[in-house]
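These notes are about the structure you will find just below.
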Amino acid sequence: MDGIIDVHSHYVPNGWPDLTTEAGPVAPWLKVESESEAVIMMGTKEFRRIQSDCWDAGRRLADMDADGVQAQVVSPTPAFFNYGRTGAQAAKISRIFNDLALDIVAPAPDRLIPFCQVPLQDTDAACRELERSVANGHRGVEIGNHVGDLDLDSEGVVTFLQHCASLNVPVFVHPWDMASSPRLDRWMAQWLTAMPAETHLSILALILGGVFDRIDDSLKICFAHGGGSFAFWLGRMENAWHGRNDIIGTSEFPPTHYLDRFSVDSVVFDERALRLLVDTLGADGVMVGSDYPYPLGERPVGDVVRKSAFLDDAARERIVRQNAERFLGIS
């Protein structure tokens with residue numbers, strides 16, 4: 001396969017059945033304003049304005065061609081995870097969106113790679129929906145970084161991750177439901193500070209929660225947005241593990257031991273930040289991601305990777321394509 005493989009993009013269907021019965025009066029629905037514009041609504045509250053690039057494969061493929069993207073992972077928009085509902089409600093919503101996702105990618109199955117969502121609050125239901133979705137054509141799963149007050153080291157999530165490893169299904173972790181405070185209401189501060197912190201915390205949970213000590217090392221797991229603030233604060237984490245091992249020494253080995261157990265995408269927008277990721281995780285631990293088609297994403301896709309002078313040709317090739325081929329099982 002030639003060209004970039006983008007492991008981080010999102011979709012929204014152009015409408016879906018009424019979810020009021022499953023989700024109550026704050027059920028998500030789509031207010032369509034024109035052929036190319038719509039608004040995601042949560043009950044009566046506007047959540048996000050979107051355009052047809054969320055559901056129109058032709059427009060998506062045209063943008064991919066313009067950016068030199070050969071293939072793109074198409075994942076759910078996290079607003080539809082519904083982890084706060086009952087397991088049965090979230091399972092039904094997951095089935096609806098997973099089936100609609102297959103319709104969106106159907107025009108180009110060799111280029112648009114669907115990832116499903118699951119009712120992560122119900123481990124058995126999540127495993128069943130994963131199996132159903134993979135059997136129907138999904139190639140991986142996107143999960144949130146927590147379920148209520150439970151992080152990724154909770155028993156149910158660990159069981160689900162073990163199931164993903166046993167099926168050789170790649171996992172993409174995306175932050176959602178960030179901390180809220182009046183102090184975060186300005187400047188999109190939830191997205192600029194809380195979102196990176198959420199991703200950082202989810203990686204800590206896998207390391208300090210002992211998940212990587214317990215789970216099969218065949219698990220393929222990638223974190224969005226460059227792993228949040230993790231790489232910058234790895235030294236602080238390592239120092240704490242040694243200096244306060246009585247509190248932090250909850251993993252078998254120090255944090256740097258686990259850096260080859262996960263990967264991150266490249267959505268960091270700055271060569272200096274990308275250099276830190278490569279220095280920390282190696283060129284094998286980073287894959288191009290764009291967060292397409294949302295405004296805080298990168299266009300052209302992979303621009304920072306292409307322009308970063310510190311990368312040699314071999315490292316750049318791994319980041320733009322080869323690592324994703326391995327992650328997705330593309331030969």
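The values are calculated or read from the model by the stated rules, or taken from the named source; none is laboratory data. Bear in mind the structure is a predicted one, so any value in this text is a computation, not a measurement. Ideal geometry is used to build each Cβ from the backbone, glycine not excepted, and the neighbour counts take in all protein chains shown.
Details
- Among (1) hydrophobic (A, V, I, L, M, F, W, C); (2) part of a strand (DSSP E or B); (3) more than 16 Å from the chain's Cα centre (by Cα), the one test that PHE172 misses: (3)
- A residue that is over 26 Å from GLN322 (Cβ atoms), surrounded by fewer than 19 Cβ atoms within 10 Å (Cβ to Cβ), of a type in the set (Val, Ile, Thr) and at pLDDT 95 or above occurs nowhere in the range 111-131.
- Filtering the range 41-76 to residues that are among the hydroxyl-bearing types (Ser, Thr, Tyr) and either surrounded by fewer than 22 Cβ atoms within 10 Å (Cβ to Cβ) or in contact with a Cys (Cβ under 8 Å, 6 or more places away or on another chain) (or both) leaves THR44, SER52.
Rundown of residues vs (1) assigned to a strand (DSSP E or B); (2) within 24 Å of LEU112 (Cβ to Cβ), yes/no style:
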site: PRO25; (1), (2): no, no
site: TRP29; (1), (2): yes, no
site: GLU35; (1), (2): no, yes
site: ILE40; (1), (2): yes, yes
site: GLU46; (1), (2): yes, no
site: GLY58; (1), (2): no, yes
site: ASP63; (1), (2): no, yes
site: VAL73; (1), (2): yes, yes
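- Condition met for VAL118 (in contact with a Pro (Cβ under 8 Å, 6 or more places away or on another chain), aliphatic (A, V, I, L, M) and not in a helix (DSSP H, G or I)): no
- Residue satisfying all of: in the range 129-163; free of Cβ contacts under 8 Å to residues at least 24 places away in the same chain and of a type in the set (Gly, Ala, Ser); farthest from LEU102 (Cα to Cα) among these: SER154
- Residue match in the range 279-286 (condition: more than 24 Å from LEU192 (Cα to Cα), surrounded by fewer than 19 Cβ atoms within 10 Å (Cβ to Cβ) and free of Cβ contacts under 8 Å to residues at least 12 places away in the same chain): no
- Of all residues in the range 192-234, those that are aromatic (Phe, Trp, Tyr) and within 13 Å of the chain's Cα centre (by Cα) total 1.
- The residues of the range 54-66 that are touching an Asp or Glu at 6+ places or on another chain (Cβ under 8 Å) and within 17 Å of VAL320 (Cβ to Cβ), listed by number, are ASP63, MET64.
- The conditions of being surrounded by fewer than 23 Cβ atoms within 10 Å (Cβ to Cβ) and within 25 Å of ARG48 (Cα to Cα) are not met by ASP151.
- Against the list (1) modelled with pLDDT of 85 or more; (2) surrounded by fewer than 20 Cβ atoms within 10 Å (Cβ to Cβ), the condition HIS225 fails is (2).
- Filter result for the condition that a residue is crowded, with 17+ Cβ neighbours inside 10 Å, in contact with a Leu (Cβ under 8 Å, 6 or more places away or on another chain) and either free of Cβ contacts under 8 Å to residues at least 60 places away in the same chain or not in a strand (DSSP E or B) (or both), over ILE104, ILE96: ILE104
- Any chance GLY156 is more than 20 Å from ARG326 (Cα to Cα), in contact with a His (Cβ under 6 Å, 6 or more places away or on another chain) and modelled with pLDDT of 95 or more: no
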